[in-house]
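Report on the following structure.
The values are calculated or read from the model by the stated rules, or taken from the named source; none is laboratory data. Bear in mind the structure is a predicted one, so any value in this text is a computation, not a measurement. Here the Cβ positions follow ideal geometry from the backbone for every residue, glycine too, while neighbour counts run over all protein chains shown. Just so you know, the surface numbers come from the protein's heavy atoms only, side chains and all, with ligands and any DNA or RNA stripped out. Shrake-Rupley method; radii C 1.70, N 1.55, O 1.52, S 1.80 Å.
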Amino acid sequence: MLPVVEERRRRLNGGRRAVTVCRGLEQSCAAMELIMLSGGILALPVLAFITSFLFWPGVLLKAYNWYWRCRLGLVVSYAHSASYRFCYTSRGTPGGATPSLLLLHGFSATKDMWLPVVKHLPRDQHVVCVDMPGHEGTSRTGAEDYSIQGQVRRIHQFVQSIGLDKRPFHLVGTSMGGNVAGVYAAHYPACLSSVTLVCPAGLVYPTESDFITRLRKMEESEQEEAIPLIPSTIQELEDMLKLCCYAPPNLPRQALRGLLDNRTPNNGFYKEVFMEIVGEKSRHSLQENLHLITSPVQVIWGTEDQVVDVSGAAVLQAALPNCQVALLDNCGHSVALERPRKAAKLIVDFLSAQEVSDESAKKLS
């Protein structure tokens with residue numbers, strides 16, 4: 001009997017071991033399937049990224065800006081003045097300890113050019129970045145809206161459409177946007193608490209930049225030449241980056257291709273705007289309106305600016321004796337790209353100084 005019982009016991013134990021092995025194999029297969037599935041899910045965005053980078057780099061750059069806006073808490077919105085549409089991003093709410101900020105970008109840029117600066121602004125700071133007339137998501141109409149005076153009118157419509165004029169706000173403008181900001185300050189002083197001009201266009205510069213000299217020669221020769229700020233090839237885009245930046249970003253060729261793909265469909269529009277802002281009505285708009293500016297003014301300028309010479313800072317200081325001037329060494333025309341942290345700090349410090357000054361004035365009165 002004992003051999004029989006022992007045999008049965010061996011068979012039973014063998015069956016149990018077989019079941020255990022089978023269960024182990026099932027769990028291993030399930031784990032492998034999960035790993036493969038996870039790998040597949042992870043591979044999809046990687047594959048999409050690589051495909052976009054190779055074939056649609058412009059789309060990828062737009063997606064990147066969308067992602068960056070989301071991370072910074074910026075929301076894209078639209079405002080209307082009659083049939084005219086403005087596209088803008090904003091973060092925070094008005095009515096805080098400091099005035100709201102309205103940021104005006106330069107020629108052929110968009111509201112997203114301010115992303116590096118917004119990154120370094122306080123999270124509770126109410127900030128608005130608007131697409132200038134005809135740019136990106138704002139209505140594209142005609143030449144009457146593209147001159148500096150026309151842009152000032154449209155920006156005031158925008159200010160009214162979102163109720164930004166209910167409380168004095170701080171206006172920041174760079175390059176073409178700096179020209180617009182200065183003229184806006186001259187015509188709508190009651191709307192502003194103060195203004196920051198970053199490498200503004202629209203002045204008579206004691207020292208002409210190579211860019212201005214080249215434009216003058218183009219005008220005198222009346223020959224059709226490529227405008228340095230409106231590239232149509234990779235090489236021209238690289239030349240534009242060298243013109244605008246003291247230390248141009250070292251971008252991969254596909255990234256350059258993406259930038260170019262997003263710009264070239266608008267080149268006809270850019271040329272129309274460019275001819276308006278360098279025309280007789282707009283070329284020296286800021287210079288002609290300096291005597292009307294009463295708001296506190298801050299000036300930020302890159303010492304290596306090759307587009308509009310830094311000597312313009314002395315012009316502003318002579319016309320506006322109380323303005324604060326900050327010159328940034330080793331920085332070109334694209335301050336928001338090259339020195340965003342410094343630009344943000346300068347603006348925040350200026351706002352704080354204005355707040356202290358206002359409190360002191362209230363106590364004295």
Next on the checklist: Give me a comma-separated list of calculated 3J(HN,Hα) values for the range 112-119, in order, Karplus coefficients 6.51, -1.76, 1.60 applied at θ = phi - 60°, integers in Hz, x for any Gly or Pro.
Outcome noted: 6, 5, 8, 3, x, 6, 4, 3
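When the accessible area of the range 215-365 is computed with all protein chains present and a 1.4 Å probe, what percentage of it is carbon and sulfur? Kindly include the intermediate steps, with their values, before the conclusion.
Numbers: 4110 of 8190 Å².
Its accessible area is 50 percent carbon and sulfur atoms.
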Checklist outcome for this item: Any residue on another chain or 5+ positions along whose placed amide H is under 5 Å from the amide H of T138 is listed here as C87
Next on the checklist: If you average the C-alpha positions of the range 195-272 and of the range 125-163 separately, how far apart do those two centres end up, in angstrom?
Outcome noted: 22
Checklist entry - Where a Cα-Cα gap under 29 Å defines reach, which lysines qualify for K62, not counting those fewer than 8 residues away within the same chain? => result K111, K119, K242, K271, K342, K345
Checklist entry - List the GluC sites (Glu not before Pro) in the range 126-222 that DSSP assigns to loop (not H, G, I, E or B) and whose Cβ has at most 11 other Cβ atoms within 10 Å. Which are they? => result E222
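Can you list which of the trypsin sites (Lys or Arg not before Pro) found in the range 268-315 are DSSP loop residues with at most 16 other C-beta atoms within 10 Å? If you can, show how the numbers build up before the last one.
Details: sites: K271, K281, R283; in loops: K281, R283.
Qualifying residues, ordered by number: K281.
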